[in-house]
1. Can you tell me which residue is nearest to ALA200 (Cα to Cα) among those in the stretch 67-118 that are more than 18 Å from the chain's Cα centre (by Cα) and assigned to a loop (DSSP other than H, G, I, E, B)?
2. Return yes or no: is ALA122 more than 25 Å from PHE59 (Cα to Cα) and either among the aliphatic types (A, V, I, L, M) or not assigned by TED's automatic domain parsing to the domain that holds ALA200 (or both)?
3. Just need a number here: residues in the stretch 144-185 that are touching a Phe, Trp or Tyr at 6+ places or on another chain (Cβ under 6 Å), part of a strand (DSSP E or B) and near the ligand (Cβ under 9 Å from one of its atoms).
4. Got a sec? Which of PHE229, PHE255, PHE268 is open to solvent by 10 Å² or more (accessible area, probe 1.4 Å), over 21 Å from ALA160 (Cβ atoms), of a type in the set (Phe, Trp, Tyr) and touching a residue at least 60 places away in the same chain (Cβ under 8 Å)?
5. Taking the stretch 101-138, which residues are farther than 19 Å from LYS225 by Cβ, of a type in the set (A, V, I, L, M, F, W, C) and near the ligand (Cβ under 10 Å from one of its atoms)?
6. Considering each residue of the stretch 50-60, count those that are touching a residue at least 12 places away in the same chain (Cβ under 8 Å) and either surrounded by fewer than 19 Cβ atoms within 10 Å (Cβ to Cβ) or touching a strand residue (DSSP E or B) at 6+ places or on another chain (Cβ under 7 Å) (or both), and give that number.
7. Looking at the structure I just gave you, is ALA141 among the small types (Gly, Ala, Ser), open to solvent by less than 20 Å² (accessible area, probe 1.4 Å) and away from the ligand (no atom under 12 Å from the Cβ)?
8. In this structure, is GLY383 in contact with a strand residue (DSSP E or B) (Cβ under 8 Å, 6 or more places away or on another chain), modelled with pLDDT under 95 and either closer than 20 Å to VAL134 by Cβ or not hydroxyl-bearing (Ser, Thr, Tyr) (or both)?
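The values are calculated or read from the model by the stated rules, or taken from the named source; none is laboratory data. On a predicted model such as this, the values are computed, not experimentally measured, just so you know. Glycine also receives a Cβ, built like all others from the backbone with ideal geometry; neighbour counts cover every protein chain displayed. The accessibility values were calculated without ligands, DNA or RNA, using every heavy atom of the protein model including side chains. Shrake-Rupley method; radii C 1.70, N 1.55, O 1.52, S 1.80 Å.
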Amino acid sequence: MNFQLTEEQRLLKQTVRDIAQKEIKPRAAEVEASGEFPWANMRALARAGVVGLTIPVEFEGQGGTLFDAVLALDEVAQACYVTAMALLGEIGVQSQVIAHYASPAQKERILPRVARGEWMLAICMTEPDHGSDVGSLRTNAVRDGDHYVVSGRKMLISRADVAEVFVTYTRFDGVPGHKGVGAMLIDRGTPGLEVTERYATLGGEYLFGVAFEGCRVPADHVLVKEDGFKKMMSAFNGQRCLNAAITLGQAQAAFDEALRYAQDRKQFGQPIASFQGLQWMLADMAIELDAARLLIYRAAANATSGFPSVVEAAMAKTFSNEMAIRVTNQALQIFGGYGYLKAFPVERYLRGARFGAVGGGTPQIQRNLIAARLLGRRSAVRGE
Ligand SMILES: Cc1cc2nc3c(=O)[nH]c(=O)nc-3n(C[C@H](O)[C@H](O)[C@H](O)COP(=O)(O)OP(=O)(O)OC[C@H]3O[C@@H](n4cnc5c(N)ncnc54)[C@H](O)[C@@H]3O)c2cc1C
């Protein structure tokens, strides 16, 4: 077992760090305040090959691994949460399921444009009445000649304002239970597809409601039908590692700020870092950060074909999500009253860290998955 990054991994991390720290971080507060999709940051990342990092080389990507994506997202998240969430769509599960399951024509049509940073992707899984219980979703696709007619509603969808392609989980022909669930690609501009709501969030990005009303989708746009739910949820384990990497980045950035501040800020005639109460706080934060990073690295390094094991991904996500809430909160505490001000960056990291434990499968659901494996039970979430 080797705990060192390879030379290529170090180079990738440094390349992304340079862009993130020099170009993206200085704009982070402005990007959040604008409420706009961070196009300029995404273009900078696309130019450096980061947007197409995990897209196969034959489709103009870099052919990178899930581990590479973890390294990149951690760095981008340390600079700007909103940009990390924008990048998650292209570097994550959407492009992976297209690369694995789409027809050759669809891969050729979509992936190069994503790699170039021209097309964004959305994933539409959550519904108004089915969040954690995704296997019960109601959106339905009915075959009609060489098309499917799709109807349903999705909720809490990232990037629906800018996405060109919506990777949509849908039931096929009304077949009940997990067996009936698969996924298809639905293009922006398809008659009947409408972005219905726009919600401001704690972290600063926007989430959307999406309606499909009698959308006619060519049969060639079906991603998976047979074993569709299992395949989509296996791919989603990669997204859990990436979600964890974003919360790790929030915690790391907050910790770095707090470590600096504790050495600069003086009270009672000495730096506050000289007080043992704060030293132990900093030591605990450093332990937690390392533990989360190692769990995420393990899950990503063990991934086969980009898809990690359900248990390793669930452990990494749960620990990193909850760690980030604790660590960013402690960082704010070290800043005292100044931590509470928007003029200082730690409150932004605290808000950014909070998304992980509610998005992409909650820690409660991850614990259910881990326990199901421990106890040899079937998992309702994965349809096994
Ligand atoms: C920032 C962000 C971005 C998102 N982006 C997307 C996206 O792009 N696409 C998409 O499809 N969705 C997206 N989501 C939605 C997200 O995946 C859901 O919020 C999540 O799956 C939880 O579903 P829910 O909100 O309906 O909560 P619910 O499922 O209603 O859960 C409510 C509470 O009950 C708990 N709970 C539920 N079932 C159980 C159980 N069996 N055992 C124990 N506890 C349980 C949950 O842990 C939670 O605490 C996003 C969410 C956020 C916050």
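1. The initial filter retains those residues of the stretch 67-118 that are more than 18 Å from the chain's Cα centre (by Cα), namely 100-113, 116, 118.
Checking which are assigned to a loop (DSSP other than H, G, I, E, B) leaves us with 102-103, 116, 118.
Working: ALA102: 32, SER103: 36, ARG116: 28, GLU118: 24 Å.
So, considering only residues that are more than 18 Å from the chain's Cα centre (by Cα) and assigned to a loop (DSSP other than H, G, I, E, B), the one nearest to ALA200 (Cα to Cα) is GLU118.
2. no
3. Residues meeting the conditions: 1.
4. PHE255
5. Answer for the stretch 101-138, where residues must be farther than 19 Å from LYS225 by Cβ, of a type in the set (A, V, I, L, M, F, W, C) and near the ligand (Cβ under 10 Å from one of its atoms): LEU121, ALA122.
6. Quick first cut of the stretch 50-60, residues touching a residue at least 12 places away in the same chain (Cβ under 8 Å) only: 50-56, 59-60.
Of the ones still in play, those that are also either surrounded by fewer than 19 Cβ atoms within 10 Å (Cβ to Cβ) or touching a strand residue (DSSP E or B) at 6+ places or on another chain (Cβ under 7 Å) (or both) are 56, 60.
The qualifying residues number 2.
7. Considered against the rule, which asks whether it is among the small types (Gly, Ala, Ser), open to solvent by less than 20 Å² (accessible area, probe 1.4 Å) and away from the ligand (no atom under 12 Å from the Cβ), ALA141 comes out as yes.
8. On the way: in contact with a strand residue (DSSP E or B) (Cβ under 8 Å, 6 or more places away or on another chain): yes; modelled with pLDDT under 95: yes; either closer than 20 Å to VAL134 by Cβ or not hydroxyl-bearing (Ser, Thr, Tyr) (or both): yes.
When the stated conditions are applied, GLY383 passes them.
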